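J.: Take this structure first; my questions come after.
The values are calculated or read from the model by the stated rules, or taken from the named source; none is laboratory data. Quantities reported herein were computed from a predicted structural model and do not represent experimental measurements. Note that we place each Cβ from the backbone using ideal geometry, even for glycine, and neighbour counts take in every protein chain shown.
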Amino acid sequence: MYAKVYIPFRGYYSTPFARWQGSLQNDNSITLGAVTAKRWLATKNYDPEMIDYVVFGKTVGQPNSFYSSTWAGGMLGAEKVSAVHISQACSTSTTCLNLAAMSVETGSLGLVFCLMTDRCSNAPHTVWPNPFGPGGEVISENWMMDNFNADPWVGFPMVKTAENVAASVEGITKEHCDEIALLRYEQYQQALANDREFQKRYMFPVEYKVSRRKTGILEADEGIRPRTKESLASLKPFLPNGVHSSGVQTHPADGNCAFIVTTKEKAQELSADKNIEIQVVSYGFTRVDKGYMAAAPVPAAENTLKNAGLDLKEMKAIKTHNPFAANDAYMCKKMNLKPEDLNNYGSSMIFGHPQAPTAGRCIIEMIEELVILGGGYGLFVGCAAGDTGAGLIVKVTDRSK
């Protein structure tokens with residue numbers, strides 16, 4: 001549990017998320033994230049020299065990853081401070097924020113800049129030496145598809161972990177998963193209402209390379225797939241007797257996001273509204289049985305609530321990273337929730353999953369929802385590769401109310 005850790009109101013941003021092999025496919029995610037963060041800092045009149053440390057999150061390998069954290073810190077303007085690189089698949093943002101929170105809570109750092117970025121497009125195709133192989137033949141790895149299709153610990157694809165969870169409780173059928181996906185798509189439409197009024201509260205346009213001499217600007221999510229009851233019903237499950245089709249799972253994407261994590265006094269100084277206070281309250285994590293990744297959000301949520309000394313009923317907003325419909329279906333059944341209790345304004349199932357920044361964007365949306373609601377507690381929770389899960393609770397207080 002944290003008592004001294006705060007985020008300035010609007011001291012965060014997320015870019016739009018671009019579809020796989022879409023507008024952001026040509027940019028190194030390290031440079032794109034750093035350059036975007038530098039532009040955002042300038043628009044806020046934030047001096048990068050105020051940063052004591054950079055926590056840099058990235059999961060998908062890029063050229064010069066060896067230097068990724070300090071390189072990114074230098075490019076965004078924090079040239080005189082050190083940095084660390086965190087890679088924890090879907091939990092990367094949550095872990096980055098927790099590491100920053102620990103540093104601020106203990107007083108070892110006063111202001112930490114968390115930058116999370118990834119590009120699933122044009123992912124690495126890696127060749128590894130194999131000196132004991134026949135004729136010294138190499139080992140090759142396709143970062144995206146090989147890892148999505150086979151966890152080396154369990155030996156089968158991620159979608160199978162979701163099917164295992166769906167089969168573990170009664171009532172998670174294909175029809176139920178289709179209903180959840182349709183609801184999440186309808187919730188995402190709320191974020192697009194009134195000329196994307198909700199998304200414009202936090203979304204920062206990203207400049208990208210079209211070619212050597214041409215750049216473009218991405219201002220809104222790219223690659224959103226429309227869902228209807230009929231279209232979802234027509235899609236066949238990936239696995240025999242399964243419940244998950246392509247319409248009820250997320251898609252790989254590209255993007256970045258960032259947070260300032262600091263003390264109460266500094267957060268108020270940097271806040272866009274001095275009346276709004278955002279406190280980081282607690283963090284929790286878990287690892288569930290082998291091959292049951294989609295079940296991990298439940299014990300992760302329970303641990304996060306326990307660490308905060310709070311009850312689920314006290315949460316005014318709940319956000320999940322839900323790569324598969326079974327994630328939310330299982331959580332609702334185990335925690336006595338209704339699907340509509342989660343993910344107002346959409347979720348990663350709909351807007352995509354660039355890995356490192358995914359949870360960060362969900363947390364940003366949860367903060368903005370709490371501000372709209374006049375304050376209160378919010379719980380974010382999500383699964384991650386390796387049958388793990390992590391959660392974060394924040395509290396928003398609006399002193400003008």
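J.: Report, by residue number, each residue of region 190-214 that is under 23 Å from GLU369 (Cα atoms) and over 19 Å from the mean Cα position of the chain (by Cα).
T.: GLN190, LEU192, ALA193, ASN194, ASP195, ARG196, GLU197
J.: Something else about it: Among the residues of region 95-145, how many are surrounded by fewer than 17 Cβ atoms within 10 Å (Cβ to Cβ), of a type in the set (S, T, N, Q) and closer than 26 Å to ILE7 by Cα?
T.: Within region 95-145, residues that are surrounded by fewer than 17 Cβ atoms within 10 Å (Cβ to Cβ), of a type in the set (S, T, N, Q) and closer than 26 Å to ILE7 by Cα number 2.
J.: Just one of the numbered conditions (1) part of a loop (DSSP other than H, G, I, E, B); (2) modelled with pLDDT of 90 or more; (3) at negative phi; (4) out of contact with any strand residue (DSSP E or B) (no Cβ under 6 Å at 6 or more places or on another chain) is not true of ASP118; which one?
T.: (1)
J.: If you check TYR283, TYR330, TYR292, which single one turns out to be under 17 Å from the mean Cα position of the chain (by Cα), of a type in the set (Phe, Trp, Tyr), farther than 29 Å from GLN25 by Cα and surrounded by 17 or more Cβ atoms within 10 Å (Cβ to Cβ)?
T.: On the way: TYR330 fails: under 17 Å from the mean Cα position of the chain (by Cα); TYR292 fails: under 17 Å from the mean Cα position of the chain (by Cα).
Exactly one of TYR283, TYR330, TYR292 is under 17 Å from the mean Cα position of the chain (by Cα), of a type in the set (Phe, Trp, Tyr), farther than 29 Å from GLN25 by Cα and surrounded by 17 or more Cβ atoms within 10 Å (Cβ to Cβ), namely TYR283.
J.: Enumerate the pairs (first residue in region 360-378 and at positive phi; second residue anywhere and buried (at least 24 other Cβ atoms within 10 Å of the Cβ)) with beta-carbon separation below 6 Å, excluding pairs fewer than 6 apart on the same chain, so at least 6 apart or on different chains.
T.: As it stands, the answer is GLY375/VAL396, since those pairs meet every condition given.
J.: Here is a follow-up. Is it true that some residue in region 324-344 is closer than 21 Å to LYS200 by Cβ, not basic (Lys, Arg) and not in a strand (DSSP E or B)? Before the answer, list the steps.
T.: Taking region 324-344 as the starting set, the residues that turn out to be closer than 21 Å to LYS200 by Cβ are 343-344.
Now narrow it down to the ones that are not basic (Lys, Arg): 343-344.
Those left that are additionally not in a strand (DSSP E or B): 343-344.
The answer is yes, given that some residue of region 324-344 is closer than 21 Å to LYS200 by Cβ, not basic (Lys, Arg) and not in a strand (DSSP E or B).
J.: Considering region 345-361 alone, what residues qualify as being in contact with a helix residue (DSSP H, G or I) (Cβ under 7 Å, 6 or more places away or on another chain) and in a loop (DSSP other than H, G, I, E, B)?
T.: TYR345, GLY346, SER347, GLN355, ALA356, PRO357
J.: To continue, here is another question. Suppose we keep only residues that are in contact with a Lys or Arg (Cβ under 8 Å, 6 or more places away or on another chain) and surrounded by 24 or more Cβ atoms within 10 Å (Cβ to Cβ) within region 364-376. Which one would you say is nearest to LEU312 (Cα to Cα)?
T.: Among those that are in contact with a Lys or Arg (Cβ under 8 Å, 6 or more places away or on another chain) and surrounded by 24 or more Cβ atoms within 10 Å (Cβ to Cβ), it is MET366.
J.: Could I ask something else about it? Residue check, MET331 against (1) in contact with a helix residue (DSSP H, G or I) (Cβ under 6 Å, 6 or more places away or on another chain); (2) within 21 Å of ALA101 (Cβ to Cβ), all met but one. Which one?
T.: Among (1) in contact with a helix residue (DSSP H, G or I) (Cβ under 6 Å, 6 or more places away or on another chain); (2) within 21 Å of ALA101 (Cβ to Cβ), the lone unmet condition for MET331 is (2).
J.: Name the single residue, out of those in region 215-245 being surrounded by fewer than 19 Cβ atoms within 10 Å (Cβ to Cβ), within 29 Å of GLY33 (Cα to Cα) and not hydrophobic (A, V, I, L, M, F, W, C), that is farthest from the chain's Cα centre (by Cα).
T.: Once the filter is applied, the top-ranked residue is THR215.
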